[in-house]
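Data first, discussion second: the structure below is written as structure tokens.
The values are calculated or read from the model by the stated rules, or taken from the named source; none is laboratory data. A quick note: this is a predicted structure, and the numbers were derived from the prediction, not measured. Using ideal geometry, Cβ is built from the backbone for each residue, glycine included, and neighbour counts are taken over all protein chains shown. For the accessible areas, the whole protein counts, side chains as well, though only heavy atoms, and no ligand, DNA or RNA atoms are used. Shrake-Rupley method; radii C 1.70, N 1.55, O 1.52, S 1.80 Å.
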Amino acid sequence: MEQLVQPAQQILIKNWKDGFTIPTSRLYPFQWNWDSGFTALGQGHFDLDFAIRELQSLFSAQWENGMIPHIVFHSENEKTYFPNYDFWDANVNIGAPDKPKTSGITQPAVHGFVLERLLEQFPDSEKLVAFAKELFPKIVKLHRWFYQYRDPEREGLTFIFHPWESGRDNSPLWDESMDRTVFNKEDLPNYQRRDTSIAHADERPTSYQYDRYVYLLQLGKKYKYDERGIFEESPFLIQDTLMNAVLIKSNDSLIQLGKRFGFDTAEIEEWQQQAKPKFAEKLWNEELETFTVYDLRANHAVSHKEIGGLSALYAEIPTSLQALKLNNYLQSLHQRGYYICPSFDVDSPLFDSKRYWRGPIWPQMNWMIHHGLKAYGFEDTAAIVKADLIELVSKLGFYEYFESQKDVAARLETGYGGGNFSWTAACTLDLVRDC
Ligand code: GLC
């Protein structure tokens, strides 16, 4: 395992662009929101300054309403990415910063737990403590935005209106909502994808999906990225497991940090008291024995087993019986010859072990689920989740994501998507150092 440390560090150093880190060159040439959080966890192990600056530059893009955008376009000259800042046109919202330019949607709120973990690992760094006190109110402001703007019915569960917000862009979870997203092709602006000229088309979302991503982006822009209109009109309106689990986990972290610093945590505790039980009650799917996302537009649960349901472990939402069921599910996949944790139900006809979020293994998900399993005392499964990722990275390189079927992976020489990937390097580094 130790032999992975040097190359992981080198990747993080190479992807550092003097103030922030790109996920990978060419495919993703800017700063991505939740990528940055995981990246900071890796950076902490060799240069805490990098980690602090990474989070600082992400939060320099915070909107006045509190939102942290999913992409920060620190450079306006880099023209190789679609949709670029000009296509997003985020400044239609008066609270979006003029500089740096940003996208108009968000991503999972990992920052609270990232900050808590950095402080656990480096408790004696005065610089980190000072930075944490400065970042704390900004993270609270982000969470407040989630609960004010993305939970209009005050349920304790926040919604997303674009698959990219979930972090799991083309998961089959969204297929039904995407089919419901109908429009005249002539009404869609002309656009040219860049991703398929860099990565293999059969690993990427299809053009049917991409048209709908662009349509939903346009819908956000039409309403100046203001939630009210979007909530009324969007055909895609989902209470997502991963988004809410990550937010709940970060709420917990903020409560811990706030207590340590002597800050008032009453507001966060109030969110948490509503959010945790609501998640457990509304999103548990007894038939599938996992948590599932809820489609607010169609008013029903989206009944698929997938990786977001497992993320609840990390937020310690499941009862011990529910956690046992999730653990048994992972053990059975392990027995059946899969690396764990595949991003989608391997028994579904929609499973595709190669295509992005429709089946492969994702490093940052393994990182969260590893820690979630440990919190419940499932040490054996936690060790497998870690060992599987380490094995994949050792054999196939620091790729964006990986084949989940062991017999297929055995015939491969690389992982999938972008190479020299930041969160893969960072999560590997953190897991190796955590022994
Ligand atoms: C893809 C992933 C998303 C990630 C981004 C940058 O869009 O689905 O989760 O943040 O790439 O790595």
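Just the number please: accessible area per residue for the range 308-435, 1.4 Å probe, all protein chains included, in Å².
33 Å²
Note down the accessible area of S177, probe 1.4 Å, to the nearest 10 Å².
The value for S177 is about 0 Å².
What is the sum of charges around R117, taking Lys and Arg as +1, Asp and Glu as -1, for the other residues whose C-beta is under 11 Å from the C-beta of R117?
-3
Over the chain, what percent of the accessible surface lies on carbon and sulfur atoms, probe 1.4 Å?
Accessible surface attributable to carbon and sulfur in the chain totals 47 percent.
By what distance, in whole Å, do the Cα atoms of the chain stretch along each of the three principal axes, largest value first?
If we take the Cα atoms of the chain, the spans are 51, 50, 45 Å.
Once you charge only the Cβ atoms, +1 for Lys and Arg and -1 for Asp and Glu, what is the size of the charge dipole of the range 22-106 about its Cα centre, to the nearest 20 debye?
With Lys and Arg at +1 and Asp and Glu at -1, about 120 debye.
When only C-alpha pairs under 8 Å and at least 6 residues apart count, what is the relative contact order of the range 157-252, in percent?
In percent, rounded to a whole number, it is 52.
With runs of 4+ DSSP H residues as the only contributors, calculate the mean residue ellipticity of the chain at 222 nm using -39,500 (n - 2.57) per run, divided by the residue total and rounded to the nearest 500.
-15000 deg cm²/dmol
Rolling a 1.4 angstrom probe over the protein heavy atoms, how many square angstrom per residue are accessible across the range 153-244? List each step's numbers first, then the result.
Working: 3640 Å² over 92 residues.
Heavy-atom SASA per residue in the range 153-244 reads 40 Å².
To the nearest Å, what is the center-to-center distance of the range 58-122 and the range 176-213, using C-alpha atoms only?
23 Å
Mind ranking R193, R228, R204 by accessible surface for me, highest first, 1.4 Å probe?
R228, R193, R204
With Cβ to Cβ distances under 15 Å as the rule, what net charge do the other residues near L188 carry (K, R +1; D, E -1)?
+2
Rank W284, G262, Q274 by how far each Cα sits towards the positive end of the charge dipole of the range 253-311 (+1 on Lys, Arg Cβ; -1 on Asp, Glu Cβ) and give me just the farthest.
G262
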